[in-house]
Amino acid sequence: MLETVNDVCINAACGRTLPLRVAHCPFCGTRQVAQAPVLEKTVAPPPVPRMPPPVPVAQPAPAPQPVPTVAAPQPAPPPPAPAAPAKAPPAKPVARGSVPPPRPPVRLRTWIAAAVVLTGIWFFNKPASVAEQVEAATALAAQCDLDGARSALAVLKSAKAPAAQIKRLQASITKSAATCDKQQQRSQAWLALQGSVNQALDAGKPELAATRLAIYVKRWGDDPDTLELDARVKVAQASAQLDLADACLARSDRVCLENSLIAAERYKRPELAARTQTLRTALSQLLERSLLDAAPVQGQ
C-alpha cells in the first residue's frame, strides 16, 4: 500500500509548500506521512523443554470487541537534534612483538678458542690409524683370539689398507695359529696327565706316576704346573722308600735299612726330613748293637 505524501508540510509551525512530493520537509525535516507505531523489540524467552500437549478444554467464546475508530493523524513532533557522535577512545598503539637485541659480532679470539676446542676433541676421538689397527689385531692373535684378529684383517682389506700392513698381519695370524694350536694340544695333554698321575699315586705306584710325568715333560717341557706335580711325585717316591726302611728296621736288616734311607734322601724332600732323621738314628743304634754282638766272638 502506497503512502500518501503531502504537498504542504504537515508541521503547523512550518506549513511551507513543498516543491516536490518528498517524505521529509526540506525546511524543518518533519516526516510527511503518519508515523507507524514503533514496536518494542521483545527478547525471546529461553526454550522450554517439550512437554506433552495438554488436553484441549472447551473455552467460552469471547465477546465481540468494539471496532476502534481511526483518529485523525496528529502532527509529528519535530525530530530531535542529532546527538553529537561519541568521541572514540584513542586507539592503543599496537604492541610490537619482543624482538631480541641484535647479537654482537663474534670476535676473533672466540673463533680461535672454538678452533682449539674442536682440535682437542678431534685429537682425542680421532680414528685409529692403520698401523694402530694392525698392532691391536696382532695383540689379539698373540692372545689366541684368532677370530678377532681375522675380523680386523677383513676390515683392513675392505678399507684397502696398504698391502705391507695386511701382509704383516696375515703373517702374525699364521704364526699365532700354530702356537695356539700347540698350546691347545698341550692343555689337553696336561689334563690327561693329571688324571693318570693321580690314579697311579692313589694306587701306590709313584714310580709309574714319575714315568708318565717324565714322558710329558720330554714332549712339552717344564712349567710351574709340572714342577708342582713333580714335587708331589717325589714326595710319594721318598715316602715309599721310608716305608721300606721301616720294614727293614722291623726285621733288623741293617743293609736294607741303609739302602732305603740313601734312596729316600736322594729325593731331598724337606717334608720328610724329620722322619728320615728318626730312621737314621735307628740305623745307628742297630749298627751299635751289631758291633756289640760281634765283639765277644772276636775276643774268643
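The values are calculated or read from the model by the stated rules, or taken from the named source; none is laboratory data. Quantities reported herein were computed from a predicted structural model and do not represent experimental measurements. Glycine also receives a Cβ, built like all others from the backbone with ideal geometry; neighbour counts cover every protein chain displayed.
May I ask you to say which residue of Ala113, Ala164 is part of a helix (DSSP H, G or I) and at pLDDT 85 or above?
Residue meeting the stated conditions: Ala164.
Run Asp230 past the list (1) crowded, with 16+ Cβ neighbours inside 10 Å; (2) in contact with a Cys (Cβ under 9 Å, 6 or more places away or on another chain); (3) within 30 Å of Cys144 (Cα to Cα) and report the number of the one that doesn't hold.
Among (1) crowded, with 16+ Cβ neighbours inside 10 Å; (2) in contact with a Cys (Cβ under 9 Å, 6 or more places away or on another chain); (3) within 30 Å of Cys144 (Cα to Cα), Asp230 violates only (2).
Spot the failing condition for Asn259; the list is (1) in a helix (DSSP H, G or I); (2) under 60 Å from the mean Cα position of the chain (by Cα), and only one is missed.
The single condition Asn259 does not satisfy is (2).
Do we have Lys182 as without any contact (Cβ under 8 Å) to a residue 60 or more places away in the chain, farther than 18 Å from Ala136 by Cβ and not in a helix (DSSP H, G or I) here?
Spelling it out, it is not the case that Lys182 is without any contact (Cβ under 8 Å) to a residue 60 or more places away in the chain, farther than 18 Å from Ala136 by Cβ and not in a helix (DSSP H, G or I).
Is it the case that some residue within segment 202-210 is surrounded by 11 or more Cβ atoms within 10 Å (Cβ to Cβ) and free of Cβ contacts under 8 Å to residues at least 24 places away in the same chain?
Taking every residue of segment 202-210 in turn, at least one turns out to be surrounded by 11 or more Cβ atoms within 10 Å (Cβ to Cβ) and free of Cβ contacts under 8 Å to residues at least 24 places away in the same chain.
Can you confirm whether Ser176 is over 29 Å from Leu242 (Cβ atoms), at pLDDT 85 or above and either touching a helix residue (DSSP H, G or I) at 6+ places or on another chain (Cβ under 6 Å) or outside any helix (DSSP H, G or I) (or both)?
Yes; evaluated as a whole, the condition is true for this residue.
Regarding Leu169, is this residue free of Cβ contacts under 8 Å to residues at least 60 places away in the same chain, touching a Ser or Thr at 6+ places or on another chain (Cβ under 8 Å) and part of a helix (DSSP H, G or I)? Give the steps one after another, and end with the answer.
Values: free of Cβ contacts under 8 Å to residues at least 60 places away in the same chain: yes; touching a Ser or Thr at 6+ places or on another chain (Cβ under 8 Å): yes; part of a helix (DSSP H, G or I): yes.
In short, yes.
For segment 227-247, indicate whether the set of residues that are touching a helix residue (DSSP H, G or I) at 6+ places or on another chain (Cβ under 8 Å), outside any helix (DSSP H, G or I) and of a type outside the set (Lys, Arg) is non-empty.
No, segment 227-247 has no match at all.
If Ala209 passes every condition in (1) farther than 30 Å from Thr281 by Cα; (2) in a helix (DSSP H, G or I); (3) within 54 Å of the chain's Cα centre (by Cα); (4) not basic (Lys, Arg) but one, which one does it miss?
So the condition that Ala209 fails would be (3).
May I ask you to say which residue of Ala139, Ala192 is closer than 30 Å to Leu213 by Cβ, at pLDDT 85 or above and either surrounded by fewer than 15 Cβ atoms within 10 Å (Cβ to Cβ) or under 32 Å from the mean Cα position of the chain (by Cα) (or both)?
Ala192
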